[in-house]
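The values are calculated or read from the model by the stated rules, or taken from the named source; none is laboratory data. All figures in this text were calculated on a predicted structure; none of them were measured in a lab. Cβ atoms come from the backbone with ideal geometry, glycine included; neighbour counts cover every protein chain shown.
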Amino acid sequence: MTDPWIEAFGARVPIAETLGGEILERGEGRAVLRYPVKSEYANPLGQLQGGMYAVMLDSAMAAAAGGIATATMQFSIFRPVTDGFVTVTGEVIKDGKTIIYAEATMHDEQGRLVARGNQNGMRRRGAV
């Protein structure tokens, strides 16, 4: 069986594997990922640590683009997440010759928007 991360990126994605991420769907310019929210990912308040939002949003945007190297990224957190799973949807908005602009949203298990991000990414050499 083929590894979905290798299919999406042309290589292993150790951070996604470490965080327990799974690709639920992936199509032309769009990807939906799911991550567990574990206590190991929490800040001292028991909430998902800010950098974890960034990694999960970044992964969804990169999967949607078929692999990109992040040039710039920004994200906003709207509500804390403490447990369960989050679903992250990445979408390519503008597919340029060298720069790809993508956006992502993150929802909790109740379907509430918890974070949103965007990035400019450079097309990877050898990207699928």
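The table for this structure:
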item	result
In region 70-111, the residues that are modelled with pLDDT under 95 and within 14 Å of the chain's Cα centre (by Cα)	Thr70
Filtered residues of region 5-27 (kept if crowded, with 16+ Cβ neighbours inside 10 Å and under 14 Å from Ala65 (Cα atoms))	Trp5, Ala8, Phe9, Ile23, Arg26
Residue satisfying all of: in region 45-64; in contact (Cβ under 8 Å) with a residue 12 or more places away in the chain and outside any helix (DSSP H, G or I); surrounded by the most Cβ atoms within 10 Å (Cβ to Cβ) among these	Leu48
Residues that are outside any loop (DSSP other than H, G, I, E, B), in contact with a helix residue (DSSP H, G or I) (Cβ under 9 Å, 6 or more places away or on another chain), surrounded by fewer than 18 Cβ atoms within 10 Å (Cβ to Cβ) and not hydrophobic (A, V, I, L, M, F, W, C), drawn from region 28-44	Arg30, Pro36
Those strands (runs of 3 or more DSSP E) lying entirely in region 65-124 with at least 1 residues under 14 Å from Leu48 (Cβ atoms) and aromatic (Phe, Trp, Tyr)	68-77, 85-95
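Yes/no matrix, rows are residues, columns are (1) closer than 19 Å to Asn118 by Cα; (2) not polar (S, T, N, Q):
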position: Ile6; (1), (2): no, yes
position: Arg26; (1), (2): yes, yes
position: Ala31; (1), (2): yes, yes
position: Pro36; (1), (2): no, yes
position: Glu40; (1), (2): no, yes
position: Thr70; (1), (2): yes, no
position: Ser76; (1), (2): yes, no
